[in-house]
Amino acid sequence: MAWQHIQIARFGGPEVLELVTEEALPAPGPGEARIKVLAAGTGFTDTFIRMGRYPDFKGPLPFTPGYDLVGVVDALGEGVTAPAVGTMVADLTVVGGYTQYALRPAASLVPVPEGVDPAEAVCLPLAYMTAYQMLTRAACVEPGARILVIGASGSVGTAMLDLARAMGLAAIGTCSARNMALVQSYGATAIDYTAGDFTAAVRAATGGRGVMAAFDAIGGAHFARSFAALASGGVLVGYGSQTMATGGESVLAAGLGLARLKLWTLLSPLFGRRRAVWYSITDHRKAHPEEFAEDMATLLDWLREGRIRPVVADRLPLSAAAEVHRRIAAGGLGGKVVLLPW
């Protein structure tokens, strides 16, 4: 049976995303399940991987991109008894999502409740999981706490705002002027980071106290500004280095940013008990796979109950992958573009 997937044979621009047809279905090996993919998530991280700038993946080439997927178990490999064939599941793949069929370790699959839209469910494994674990496991925020979301109009940013609304948190989000209405639609206070010093604006919005938690994927020197927005006893969670990935800063500058996180925590008493931590969804999953499964189940239940409302900006076929990456680079999507392989 013929099937299709997106393939990258060399790192580069959106033009390297090639739609390829295979003649025979892949057979699951021991411990694996074959997934008929119903929805593949796209995002900013996929564009870094495509360019060869993502620290956690450098090949080998060729490969199929796609950080998260939702699909139906189609076949089981030797030794696999669950999830059963026909079960809808979600997974964080890092690569391999832009496809009609995927082979995945059966142990990594999380069942999706009946009645859940696959395109909405695929918004959860990367963006919502990152946001949820940073809130609950990295920062351990308490209900009613005030938080700062850097880049609040992005996929993780909007997930953070949606979760903040569901969890009873007061959110402040930085964004460009064109995205302020989007941030405000989540009930958050929007700050235009292009209009001046956002740290001063945060201080003004909090009566000079600052926030109890800040979440920053910009990295490098930007961490210092986010740290300055913290209240006494607050925590900065760094979870990316976008300036390095886009060429805005060197690897050295990104490394110095990470070093600052450790130094601030080491010298926390000198900084009003403020501290800083690093979060990586892939590292956390490797270290605590049971927490990933538990947290995904929680988010899927919240989705089914309508407690969270992921925004699907568009639903497009695999053949549109290159155009989707161009749209991601342009920004302003206001949600996740989902590829529907069928």
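No value in this document is a laboratory result; all are computed from the given coordinates. Predicted, not measured: the structure shown is a model, and the values here were computed from it. Cβ placement follows ideal geometry from the backbone for every residue including glycine, while neighbour counts extend to all protein chains displayed.
Side notes on the structure shown:
- Residue order for ARG165, ARG285, fewest other beta carbons within 10 angstrom first, comes to ARG165, ARG285.
- Rg/Rg_ref, region 120-208, where Rg_ref = 2.2 N^0.38 Å and atoms are Cα: 1.04
- Here the spin labels are modelled as points 7 Å beyond Cα on the Cα-Cβ line, and at ALA84 and ASP301 they lie 2.2 nm apart.
- Estimated inter-spin distance, ARG309 and GLU18, nm [label 7 Å along Cα→Cβ]: 4.3 nm
- Of interest is the spacing of the C-alpha centroids, which for region 32-51 and region 120-142 amounts to 18 Å.
- Enclosed volume per residue, in Å³, of the convex hull spanned by Cα atoms of the chain: 128 Å³
- For a label point 7 Å along the Cα-to-beta-carbon line of MET1, residues of region 89-113 with backbone N under 13 Å: 100-102
- Hull volume in cubic angstrom per residue (convex hull over the Cα atoms of region 126-282): 104 Å³
- Stretchable slack from LYS58 to ALA259, in nm (0.36 nm times residue separation minus alpha-carbon distance): 70.0 nm
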